[in-house]
């Protein structure tokens, strides 16, 4: 099994952030919150129940590594060609899978384009996944652009 790509960890931390730390909490713990797509979340984008206990940043990073490991396993299951591609390409799709879930990758045209190694079309497909709660979320637009950059940075070299 591959290592979690460093760039996937960087992307996830950048776009998820360690959120919802009340000013009154001297321990600087994150509390559950509803993300822009309408899901209860804690730490670095981990889905949770509304009554999840607060977590510190170290616990958030542990959860993030677990969630990225799950996303990596699913990504390689559905897009096996990525095992032979650059770490940057793998990181882009691991971040996508972490963000939207393995089910979305499994049933997507994006998956087909990746497995065909059609990186231009895959980039186009990535940019379509910018909706949360039925509306375009600016943060997802920026996130998909960052993933596209990683996915296509080697365009013409393979």
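Just the residues that are touching a residue at least 12 places away in the same chain (Cβ under 8 Å) and part of a helix (DSSP H, G or I), please, taken from region 51-67.
We begin by selecting, within region 51-67, every residue touching a residue at least 12 places away in the same chain (Cβ under 8 Å); these are 51-52, 54-57, 59-61, 63-65, 67.
Scanning region 51-67 gives 57, 59, 60, 61, 63, 64, 65, 67.
Exactly one condition in (1) within 24 Å of residue 153 (Cα to Cα); (2) touching a residue at least 24 places away in the same chain (Cβ under 8 Å); (3) assigned to a loop (DSSP other than H, G, I, E, B) is false for residue 36; which is it?
(1)
Of these, 110, 64, which one is touching a helix residue (DSSP H, G or I) at 6+ places or on another chain (Cβ under 9 Å) and farther than 25 Å from residue 19 by Cα?
110
Mind checking which residues of region 1-12 are free of Cβ contacts under 8 Å to residues at least 60 places away in the same chain and either farther than 30 Å from residue 151 by Cβ or touching a helix residue (DSSP H, G or I) at 6+ places or on another chain (Cβ under 7 Å) (or both)?
9
Sort through 38, 45 and tell me the only one that's over 15 Å from residue 6 (Cα atoms), touching a helix residue (DSSP H, G or I) at 6+ places or on another chain (Cβ under 6 Å) and at pLDDT below 95.
Among 38, 45, only 45 is over 15 Å from residue 6 (Cα atoms), touching a helix residue (DSSP H, G or I) at 6+ places or on another chain (Cβ under 6 Å) and at pLDDT below 95.
Filter region 86-100 for residues that are over 15 Å from residue 65 (Cα atoms) and surrounded by fewer than 24 Cβ atoms within 10 Å (Cβ to Cβ); which is nearest to the chain's Cα centre (by Cα)?
Here the residue is 100.
Within region 68-90, does at least one residue satisfy the condition of being in a helix (DSSP H, G or I) and in contact with a strand residue (DSSP E or B) (Cβ under 8 Å, 6 or more places away or on another chain)?
The answer is no; no qualifying residue exists.
Collect the residues in region 15-35 that are touching a helix residue (DSSP H, G or I) at 6+ places or on another chain (Cβ under 9 Å) and exposed (fewer than 13 other Cβ atoms within 10 Å of the Cβ), keeping them in residue-number order.
Within region 15-35, just 28 meets the criteria.
Pairs, please: C-beta under 7 Å, at least 6 apart or cross-chain, first residue free of Cβ contacts under 8 Å to residues at least 40 places away in the same chain and in region 100-116, second in a loop (DSSP other than H, G, I, E, B)?
So the pair list comes out as 100/129; 111/79; 114/79; 115/79.
For region 91-150, enumerate the residues that are touching a strand residue (DSSP E or B) at 6+ places or on another chain (Cβ under 7 Å) and not in a loop (DSSP other than H, G, I, E, B).
Once the filter is applied, which keeps residues that are touching a strand residue (DSSP E or B) at 6+ places or on another chain (Cβ under 7 Å) and not in a loop (DSSP other than H, G, I, E, B), region 91-150 yields only 140.
The values are calculated or read from the model by the stated rules, or taken from the named source; none is laboratory data. Computed from a prediction, not measured in an experiment: that's the story for all the values here. Glycine gets a Cβ as well: all are built from the backbone with ideal geometry, and neighbour counts include every protein chain shown.
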